[in-house]
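Student: This is the structure, below, for whatever I ask next.
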Amino acid sequence: MVLAFIMASACFMGAGQPAYAAKEKAGRPGPAAMISPKLARLDYYYKAGKYNAKLTWYSHKGYTYRVYRRKKGAYKAIATRRATGSRTSYVNRDIGPNKGYTYTVKQISPKTLRKYDKEGLTLLSSVSFRVDFGNADSVIRWKKVPKAQKYSIYRTRENSGERRRLASVSGRSYEDRYSDTAGSLRDIIHLSTFVDPAIRDFQYNIRPVYSKKVGSKKKVSKGLMMPCGIFRLEPPVVVSLSGNELRWGTVPNAKHYLILTRKSSREKWNVVDRVPADKSAVTMTAALKAADTDAYYAVQAESDINGRKVLSRIEGGFTLNDADHSDKSILFIGDSIMYGALYKAPENRHLFSIPRRIHQLTGAEFYNPSIPGATYHYQSWQRTNQYRYRIVTDVVKRLKKGEAPRHPGDVEFDKSPGVKEDAAISDFDIVVLSGGTNDYIDDAVIGDLYSDDKETFCGSVNRIMKAIECSSKQREEAGEEKIKVVFVDLFYSERCLDKTRRMNRDETKNGEGLTLADYQNALDSLYDIWAMNDSLTLYRYKTRDAGIVDHNNITTMTPDNLHFTKYAYALYGDSMAEFLLENVL
């Protein structure tokens, strides 16, 4: 009978009570009152502008506990709590950031116990860390937090507010890869892809964690996670300055935009306006008060990280003073880099491209029939098993006759209002040639320097130049200036083969055994040959001398180690506009 009574007592224990709880006998404490309270969790957190610590322990309903805290030396009582269930909590409010307090709990009724968890739980300070943002991953590195055993990595999306716990690691670095397969990287030049730093809205944060097993349970201290994670604040790109209206592309994580002005590059920028960020807008505009035609204007993003003001870099600077070449016209012929392929979506189409930037800075009329994927040379569909648009046949041959180039259905050519629909090569004062990247990809045969074989690299460029030469002679016969041709060097790139590896194309051989440098050497030789032509005036823009994209910054200045971010497009537009203003226009 005694055994049966004991078993029945065990069966009627409350399901919500801790494992060590037992039914008390009337008039005196039961076994639970004799066991020191066990700590469960300590949370250090930020809420409503204040830093708080929440201590939770296993309790027995109706019992009273005293909370103790220490920084150094002995514990001091700070609060008393009566348990209403199997767990009890106390919040130590507004204690400030990075306090190294240690907390514990003692039972004081129905019986005061001398036993308690003397080690307690200690607050873990926030993690000092940095993030190296790239186009394929972000690498997070941090300093060790005393007593922390693991670190929880979080990623938050600013626009949605969605926070995701990425991992819990014991080391002091973590790599957040956006994609692990070649297939998922092939579409990263689409606007909606977050890989472009100019539209990525990631914020990273880290929480240190301490955990220790005590008997059958764990006690855990979850450290302070700062209210705002670390993010990359990209420079806003100005897309137009017309009259007194300045327009720019928005960037994630900005809270305000500063409108800046100065008279020359030797002066400091002055803030003339501060505009609240519209997070839903692709572009924003601001009216300039009494716009100065001799001044330069730029936009800088402003935000803050945990109370510390942060500012973006400043790109270039627009001025109304340079916009005085509307009597000139420029024809841009090239591939996706000149088209601005990263921004093919309707809401951004043509806002961020080198030709449009040059138009804004110089005032020259322009036409940009560049085609993503186009090559200089011709190859039949049967040989490539895909249809590539060929500059020599699909663009230049048709433009020479005033016909629209053949192009994919999703491509929309950009041009200024002064360019007519049936524009021909002879209608333009300047022709900018910027191709060759896809010739390398398609294993084009370089061929003889003096060939006109359209199925070789040199032969196709020679055919293109002969078409321009013929158009220039037409202009001379009509009493107009001969055409000026700008050879644009091949841009630095590191996207090769399966597109997941970072390989310098200047050194990596294609299927024909040629590097990008081999094609550039051929272009150099072709330039030297055509520079002697009496019907043309040639110029060479050296992309590498601009120092905009190179091995050291390619993962932040391009989304895919090939095409450019909005910021890089702006810098190349600034650089080429300056080159044209000083040498060509």
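Throughout, read-outs are computed from the coordinates displayed, never taken from laboratory work. For clarity, every value in this text was computed on a predicted model and none was experimentally measured. Glycine gets a Cβ as well: all are built from the backbone with ideal geometry, and neighbour counts include every protein chain shown.
Student: Counting only helical runs of four or more DSSP H residues, what would the 222 nm mean residue ellipticity of the chain come to if each run contributes -39,500 (n - 2.57) and the total is spread over all its residues?
Tutor: Using -39500 (n - 2.57) per qualifying helix, the result is -4500 deg cm²/dmol.
Student: For K72, which aspartates and glutamates qualify as cross-link partners when the Cα separation must be under 17 Å and same-chain residues fewer than eight apart are set aside?
Tutor: Within reach: D117, E119.
Student: Which values, in whole Å and largest first, are the semi-axes of the equivalent ellipsoid of the chain obtained as the square root of 5 times each eigenvalue of the Cα gyration tensor?
Tutor: Square roots of five times the eigenvalues give 68, 27, 18 Å.
Student: Give the lysines whose C-alpha is closer than 20 Å to that of K466, dropping any in the same chain fewer than 8 places away, or say none.
Tutor: Reachable lysines: K397, K400, K401, K454, K482, K484.
Student: If you place +1 on the Cβ of every Lys and Arg and -1 on the Cβ of every Asp and Glu, how big does the dipole about the Cα centre of segment 199-287 come out, in debye to the nearest 20?
Tutor: Result for segment 199-287 is approximately 1000 debye, rounded to the nearest 20.
Student: Choose one of S36, G340, Y68: the residue whose Cα lies farthest towards the positive end of the charge dipole of the chain (beta-carbon charges +1 Lys, Arg; -1 Asp, Glu; about the Cα centre).
Tutor: The residue sitting farthest along the positive end of the dipole is S36.
Student: Report, in listed order, any pair from K47/K222; K118/K144; K38/K61; K115/K219; K111/K217; K38/K213 with a Cα-Cα distance greater than 22 Å.
Tutor: Pairs exceeding 22 Å: K118/K144; K111/K217.
Student: Here is a follow-up. Compute the helix-to-body angle for 2-11: its Cα long axis versus the longest principal axis of the chain, expressed 0 to 90° and rounded to tens.
Tutor: In the chain, helix 2-11 runs at an angle near 30 degrees to the longest axis.
Student: Quickly rank 252-264, 539-551 as a protection proxy: mean count of other C-beta atoms within 10 Å, highest first.
Tutor: Descending mean neighbour count gives 252-264, 539-551.
Student: Of the listed peptides 324-336, 41-53, what is their order by residue-averaged count of other C-beta atoms within 10 Å, with the highest listed first? All intermediate terms of the calculation are to be shown ahead of the outcome.
Tutor: Values: 324-336: 21.2, 41-53: 16.5.
My ranking of the peptides, most packed first, is 324-336, 41-53.
Student: Pick out, from I95, A136, I330, the residue whose Cα sits farthest towards the positive end of the charge dipole of the chain, with +1 on the Cβ of Lys and Arg and -1 on the Cβ of Asp and Glu.
Tutor: I95
Student: How tilted is helix 457-477 with respect to the longest principal axis of the chain? Cα atoms for both, answer in degrees (0 to 90, nearest 10).
Tutor: The angle comes out near 60 degrees.
Student: Once amide H atoms are built 1.01 Å from N in the peptide plane, which residues 5 or more positions from V486, or in another chain, come under 5 Å H to H?
Tutor: V431, V432, L433, Y539
Student: As I understand it, the value is the acute angle between the Cα axis of helix 516-530 and the longest principal axis of the Cα atoms of the chain; what does it come to in degrees, rounded to 10?
Tutor: Its long axis makes an angle of about 30 degrees.
Student: 7 Å from Cα along Cα→Cβ at both D422 and R177: what's the point-to-point distance in nm?
Tutor: 5.6
Student: Sticking with this one: For the chain, build the charge dipole from Cβ charges (+1 Lys, Arg; -1 Asp, Glu) around the Cα centre, then report which of I354, Y154, V271 sits farthest towards its positive end.
Tutor: About the Cα centre, the residue reaching furthest to the positive side is Y154.
Student: Let me ask another. List the aspartates and glutamates whose Cα sits under 14 Å from the Cα of K50, skipping any in the same chain fewer than 8 residues away.
Tutor: D94
Student: Quick check for me: using +1 on Lys/Arg Cβ and -1 on Asp/Glu Cβ, what's the dipole size of the chain about its Cα centre, in debye to the nearest 20? Don't jump to the answer; show the numbers that get you there.
Tutor: Numbers: 92 positive and 68 negative charges, 1730 e Å.
For the chain, the charge dipole is close to 8300 debye.
Student: Can you work out ³J(HN,Hα) from phi for every residue in segment 210-227, in order, using Karplus 6.51 cos²θ - 1.76 cosθ + 1.60 and θ = phi - 60°, giving whole Hz and x for Gly and Pro?
Tutor: Computed from phi, the couplings for segment 210-227 are 10, 9, 9, 8, 10, x, 8, 10, 10, 10, 10, 10, 9, x, 6, 10, 4, x Hz.
Student: In whole Hz and in residue order, list the ³J(HN,Hα) couplings for segment 427-444 that follow from phi through the Karplus curve 6.51 cos²θ - 1.76 cosθ + 1.60, θ = phi - 60°; x for Gly and Pro.
Tutor: Residue by residue, segment 427-444 yields 7, 10, 7, 10, 10, 9, 9, 9, x, x, 4, 6, 5, 4, 5, 8, 6, 5 Hz.
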